[in-house]
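For reference, the structure discussed in these notes is given below.
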Amino acid sequence: SVSSIVPESCLLIVVGLLVGGLIKGVGEKPPILKSDIFFLFLLPPIILDAGYFLPLRPFTENLGTILIFAVVGTLWNAFFLGGLMYAVCQLGGPGLNHIGLLANLLFGSIISAVDPVAVLAVFEEIHINELLHILVFGESLLNDAVTVVLYHLFEEFANFEQVTILDIILGFLSFFVVSLGGVLVGVIYGVIAAFTSRFTSHIRVIEPLFVFLYSYMAYLSAELFHLSGIMALIAAGVVMRPYVEANISHKSHTTIKYFLKMWSSVSETLIFIFLGVSTVAGHHYWNWTFVISTLFFCLIARVLGVLVLTWFINKFRIVKLTPKDQFIIAYGGLRGAIAFSLGYLLDYEHFSMRDMFLTAIITVIFFTVFVQGMTIRPLVDLLAVKKKQETKRSINEEIHTQFLDHLLTGIEDICGHYGHHHWKDKLNRFNKKYVKKCLIAGERSKEPQLIAFYHKMEMKQAIELVESGGIGKIPSAVSTVSIQNINPQTLPLERVIPALSKDKEEEIRKILRTNLQKTRQRLRSYNRHTLVADPYEEAWNQMLLRRQKARQLEQKMNNYLTVPAHRLDSPTMSRARIGSDPLAYEPKEDSENLPIITIDPASPQSPESVDLMSEEPKGCSGLPPSPEEDEEGLVMRVKEPSSPGTDDVFTPGTGDSPSNQRMLRCLSDPGPRPEPEEGEPFIPKGQ
């Protein structure tokens, strides 16, 4: 009941205080958390656990925001706090006047960094949403490089008689060396670990050992050259995990997972207990002005830094950080054992005020862990901040996630904008084409991501089924493959589910690889200066112009048809009478001069379908008129439909010649209608 209100880290510090008090009461000297023990044995398991199981997708999507908070935010806190504390020391009386600017800047660099151990201990208990958790926790991981550089920089500058401009420039460049060097060391050891796991199929017992061994060697190698050991561990864990898990057995994976969790939990417990014991055992020098000023300026610097940086970041973010998010980020800036260990490393010869620094550091740690750590949960509930939703990923979600990734990559290609989706796609292609073939053994190097995810999800379902004792009734969602992996002795000769042959399965994989993984090869970046001319564009424009001229000609002819003619028996008058009232029209006996009207049967109701260009008197066709044609009046031929791709206005059809098929109708006949019972005229009145 107490742990639901008070965080576990606070309870462990209280236990450490009680243990230290008992040891001191007995008359013995309590042990102090030495920096070597902390940095070499207690910190690496916690960082490796965080790096190996780091949620990579939200981390990479918010990497820009995390880096701004970790680098710019930490630099701002260190210099703002160091400068103000130097002013306080100059105004604080005789006890503080001897503390110079470099000593205050060194103190500011120690106390300004957010501690990953404290953040993990508090944020995992309140189940904050994934975005806020990865922002604060990612900042606490990546600010190690800034802290290491500033700490060693000011420590070296304190020994110099005079600091030159060259020293400052070299100090600035050392930040890139420390951070990027640590990442490079981690990547190298991660690749070596993945390559080693490729050849461990016959000795499964030592597979977890290689993961721990290479990770710890990455940390020690980085610390040996004063690089960032934390960034080396994170890089090693992130790089090796996808390849190692594809090579090792399921039992080895379970061993790595639970051993890392246990190891990090033990280290975290020891760190907080030793913090309490060291508080009782250490030498303290209490100065009200220095301690209260440190605590106050720490809070002010954190709040101002988050507000200013978030205002700048929100200009570039699609999902903006709300004021509630900003409050949680500022309130979650907890300090912990890293600051205490760095303060403990200070040398008495060059820093005579070390005891006062340690007292102020412990005060800030206790305030952030106890006050902020205990009140952040009720504040999250009060502000109704979104909590983390524990949901299992499904095949449907995985398919849609991949689809959206490819869609956004295609959109970036069309726009000619090389965003993070473009580079992520490039990295995935390089990984699948070269890296997987070298680091993953067997056929799994060629397995698509979707099918690999499906097998992983099957395995989880099967394990849950076995643990729940429901092995007797297997649901249809769990395939026999998963049960085979757990009970190898019941391995059948062929796979039962999915019920596909090897050829069919390979065909499905080929389809997935072709259609899901290679969208960028079918797309070209858009650039208005390098557009390729369309060969059909000019032909289409000519065709449209000809059709437009034909419509204008038809409109002129229709207007002309409405004008009364001078001669009553002219063809123009005949067309006018047909347009006005075809039923009342009675042709003269002299029908030799009547025109032949070719009609389009596709739309016989429209007067625009009359082909005015093919009208000709029967006498001009070269054939003598038959008596049947004299009796039946107008001759209307069917216009055959044009072939696709040709111009239906100016391309002559085969039905235009008099010798082809004809359709003879009397003027009183309503024409070829699909519904002849309606009795409408062939050409409606008034058109």
Kindly state, as a whole number, the per residue volume in cubic angstrom of the convex hull around the alpha carbon atoms of segment 298-405.
-> 182
Where labels lie 7 Å past Cα in the beta-carbon direction, separation of residue 502 and residue 311 in nm = 6.6
With N residues in segment 212-345, Rg(alpha-carbon) / (2.2 N^0.38 Å) equals 1.43
Mean separation of Cα pairs under 8 Å and 6+ residues apart, divided by the residue count of segment 2-385: what relative contact order is that in percent?
-> 30
Please work out the C-alpha center-to-center distance from segment 347-384 to segment 290-308 and express it in whole Å.
-> 12
Label point at residue 388 placed 7 Å out along Cα→Cβ; residues across segment 103-123 whose backbone nitrogen lies under 20 Å | 114-123
Starting from the Cα-Cα distance between residue 398 and residue 417, subtract it from 0.36 nm times their residue separation and give me the gain in nm to one decimal.
-> 4.3 nm
Here the convex hull volume per residue of segment 2-385, taken over Cα atoms and given in Å³, is 155
Fully extended contour minus Cα-Cα distance, from residue 11 to residue 167, at 0.36 nm per residue = 51.7 nm
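For residue 428 and residue 556, what does the FRET efficiency come to when R0 = 51 Å and r is the distance between their Cβ atoms, rounded to the nearest 0.05?
0.20
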Sort 219, 86 by accessible area with a 1.4 Å probe, largest first.
-> 86, 219
Please report, for the Cα atoms of segment 14-99, the Rg to one decimal and the Dmax as a whole number; what are they, in angstrom?
-> 20.6, 55
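When a/c reaches 1.5 or more, the comparison of a/b and b/c decides; with that in mind, is segment 189-261 rounded, prolate or oblate per its Cα gyration tensor?
prolate
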Calculate, for segment 2-385, the solvent-accessible area per residue in square angstrom, rolling a 1.4 angstrom probe over the heavy atoms of the protein chains.
-> 44
Using only the alpha-carbon atoms of segment 105-263, report the extent along each of the three principal axes, biggest first, to the nearest angstrom.
-> 61, 37, 22
Roughly how many nanometres apart are two label points built 7 Å out from the Cα toward the Cβ at residue 288 and residue 60?
-> 5.6
FRET efficiency, residue 320 to residue 258 (Cβ-Cβ, R0 35 Å, nearest 0.05) | 0.35
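Over segment 2-385, with every protein chain in place, what whole percent of the accessible area is carbon and sulfur at 1.4 Å, could you tell me?
Whole-percent figure for carbon plus sulfur exposure: 73.
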How much accessible surface area, in Å² rounded to 10, belongs to the heavy atoms of residue 231 with a 1.4 Å probe?
-> 30
Would you mind computing, in nm to one decimal, how far apart the modelled labels at residue 159 and residue 300 are, each placed 7 Å from Cα along Cα→Cβ?
-> 3.4
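The values are calculated or read from the model by the stated rules, or taken from the named source; none is laboratory data. It should be emphasised that the depicted structure is a prediction, and the values quoted were computed from it without experimental measurement. Glycine also receives a Cβ, built like all others from the backbone with ideal geometry; neighbour counts cover every protein chain displayed. What goes into the accessible areas is simple: the full protein's heavy atoms, side chains included, and nothing from ligands, DNA or RNA. Shrake-Rupley method; radii C 1.70, N 1.55, O 1.52, S 1.80 Å.
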